[in-house]
Amino acid sequence: MLRKLFGRDADAISSKEEGIVARLVEKHRRLVVEGGHVNTKSEPGYASSHAFFEQLAQAASALFPLDKASRSYRSAFTINYRALFPDESRTYRVDVFEASVEQHAVIWVNGDKFEFTQEAMQRAEVLQQKWSDLDAVLKNWGKADGRAIKKSDLQDAMKRLDVAWASFEQKYISELIDIEEKARRLVVQAIQHEHALRRLESGGGCRREELQQLPEYCEEQRRLVRCIAHLNSVANQRRKGRDDLGVDILSHAVATLQRCSAAERAGTSSEAYSAARILATDVVNAFEAMRAYLREVERCLEQVDPHLCNNEGLVTRLVDWEESWEVGTRYVRHEQLLDSLCELVAAMRVAQRLEPRLEAMCEECDVELFLVLPRIIWLHFLGRPERFQELVRSILPQRFGDAKAARPGGCCAELETFLGRFRAASDLLADAIQQPPSRGADTASAHDAVFEVLLKRVIVGPGEDVYEAFPLGGRRRQAQASVEDLMHELERWSIELQRYCPEDWNQCSAILIQCLTGGIQKPKDVQFHV
């Protein structure tokens, strides 16, 4: 029947061509059309569109194999797009057609607005006009009651579509490449500043400590950190995406490491500064890991997804950087708080030796540890508030220096009362331990014994008699009752420490456990990922 529709020899269609066109018409009939437009979004819509455009390319090659629009422009595409368009053959990609349908003049990448040119939008409109023409021809093909559609009509419609498609594809992909290049500019800028730092590090023969004194080096470091912070704000969707973590955190970390080294050279035990060294090292290592990533990614920039949050390697590095620098901004940047943390870690190491069960809890991250940990912090604060006040203040700021404070900068009245109860219970326990007096006993040793009793009590809980090992004498019952009352009140304060700001408490407890178990453990990358 199809042959009867052609009136001239030029329009004669062979049986082979007839089969090709019949398959094209059938694929066209299966397109999912909604609201007058081809639906390419749904799974069935995309599948039917892909099948049709594949058949269209085959039909065009069969009906007019030589007369096609040039696609030599593809040689100028980037590697990524040359993988999608590997040669100059006819390819009608669904995503290109979809872009011509939607005609979005504006796209947003990494929070920035980019606009396609008016020419690109005009070419999209032309492509849609030529598609409408071909769509009409295919709808009427083979209808006996309609106008006879000639082979030349179909060829002309397909040729015009091919020219319009190539025209739009060239403009759209070229502008998309420009947009993607601009979107990657954040990474490129960071790479440039990392380059500048390396030049300064390798050019003058200066040690790292001396470099930190050079204004030019400090400025490049500041620029690089600012670039990393900007990258973090647009790409790090796993965490907060903070952009307020500045170079001062790195400066404090470097200064802290120098302070630790100087103290150790002067004979101070390395244990006293272990927490400070661990946290400061983590800040520096996270920065160096970001630098290493930038050096690696420079070799394969075209593989970087312009939507930066889609780059797994980059996001992993930024997550590590934000976590480390967030801890740094809270602890490393504040010397008094860091000293207080170091004191606590050192004190807890002593506690581990006194009560080995605490060490086992830390190693295994036992659930019981998270009940014991706030008790230990409070116990050390109550025993020496001047040493541990900054740490407790960082978690419970409302208990210090506010309108309820007993004195400027001191504890609130309720906390002062708690301190008073601790002193009374300690004195009563000390008196009990000294009766009867033992050889060589003195007030200092009695207070050490008191703290040991209280420490064991907060670690093992009420289920075990920790008083048996100490000679409490005739005041045992009174002293024990006073301590148990104190422990009961301690639970309320421990709950407040954990619940007032759970995020601050979780961060603090995680740091303590990491410092007590040998440092912050992070998985090492086996292979570089973009």
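Matching residues to (1) basic (K, R); (2) assigned to a helix (DSSP H, G or I); (3) modelled with pLDDT under 95; (4) surrounded by 15 or more Cβ atoms within 10 Å (Cβ to Cβ):
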{"site": "H447", "(1), (2), (3), (4)": "no, yes, yes, yes"}
{"site": "Q478", "(1), (2), (3), (4)": "no, yes, yes, no"}
{"site": "G519", "(1), (2), (3), (4)": "no, no, yes, yes"}
{"site": "K524", "(1), (2), (3), (4)": "yes, no, yes, no"}
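Taken over region 239-255, residues that are touching a residue at least 12 places away in the same chain (Cβ under 8 Å) and within 20 Å of R277 (Cβ to Cβ) amount to 7.
Yes or no, residue by residue, for (1) part of a loop (DSSP other than H, G, I, E, B); (2) over 30 Å from L455 (Cβ atoms); (3) in contact with a His (Cβ under 8 Å, 6 or more places away or on another chain); (4) modelled with pLDDT under 95:
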| residue | (1), (2), (3), (4) |
| --- | --- |
| V284 | no, yes, no, no |
| A292 | no, yes, no, no |
| G313 | no, yes, yes, no |
| W325 | no, yes, no, no |
| R349 | no, no, no, yes |
| E363 | no, no, no, yes |
| I377 | no, no, no, no |
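Here G241 meets each of (1) out of contact with any helix residue (DSSP H, G or I) (no Cβ under 7 Å at 6 or more places or on another chain); (2) surrounded by 15 or more Cβ atoms within 10 Å (Cβ to Cβ); (3) among the small types (G, A, S); (4) not in a helix (DSSP H, G or I) with one exception, condition (1).
Taking the numbered list (1) under 16 Å from V163 (Cβ atoms); (2) touching a residue at least 12 places away in the same chain (Cβ under 8 Å); (3) surrounded by fewer than 16 Cβ atoms within 10 Å (Cβ to Cβ) in turn, K139 passes all entries but (1).
Against the definition (at pLDDT 95 or above and charged (D, E, K, R)), how does E298 come out, yes or no? Yes; evaluated as a whole, the condition is true for this residue.
Yes/no matrix, rows are residues, columns are (1) in the same structural domain as H447 (by TED's automatic domain parsing); (2) among the polar types (S, T, N, Q); (3) under 30 Å from L176 (Cα atoms); (4) touching a strand residue (DSSP E or B) at 6+ places or on another chain (Cβ under 9 Å):
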site	(1), (2), (3), (4)
H307	no, no, yes, yes
E326	no, no, no, no
L341	no, no, no, no
A360	yes, no, no, no
V367	yes, no, no, no
L371	yes, no, no, no
I376	yes, no, no, no
R387	yes, no, no, no
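Once region 191-221 is narrowed to residues that are of a type in the set (D, E, K, R) and crowded, with 16+ Cβ neighbours inside 10 Å, the residue that is farthest from M290 (Cα to Cα) is E220. For V188, the stated conditions hold: it is of a type in the set (A, V, I, L, M), within 23 Å of E216 (Cβ to Cβ), out of contact with any His (no Cβ under 8 Å at 6 or more places or on another chain) and modelled with pLDDT of 95 or more.
When only residues in region 480-508 that are of a type in the set (S, T, Y) and modelled with pLDDT of 95 or more count, which is surrounded by the most Cβ atoms within 10 Å (Cβ to Cβ)? Walk me through how you get there before you give the answer.
Going residue by residue through region 480-508, those that are of a type in the set (S, T, Y) are 482, 494, 500.
If we keep only those that are modelled with pLDDT of 95 or more too, we end up with 494, 500.
Details: S494: 20, Y500: 14.
Top of the filtered list is S494.
The values are calculated or read from the model by the stated rules, or taken from the named source; none is laboratory data. Please read these numbers as outputs of a predicted model, since none were measured by experiment. Cβ sites come from the backbone with ideal geometry, for glycine too, and all protein chains shown count toward neighbours.
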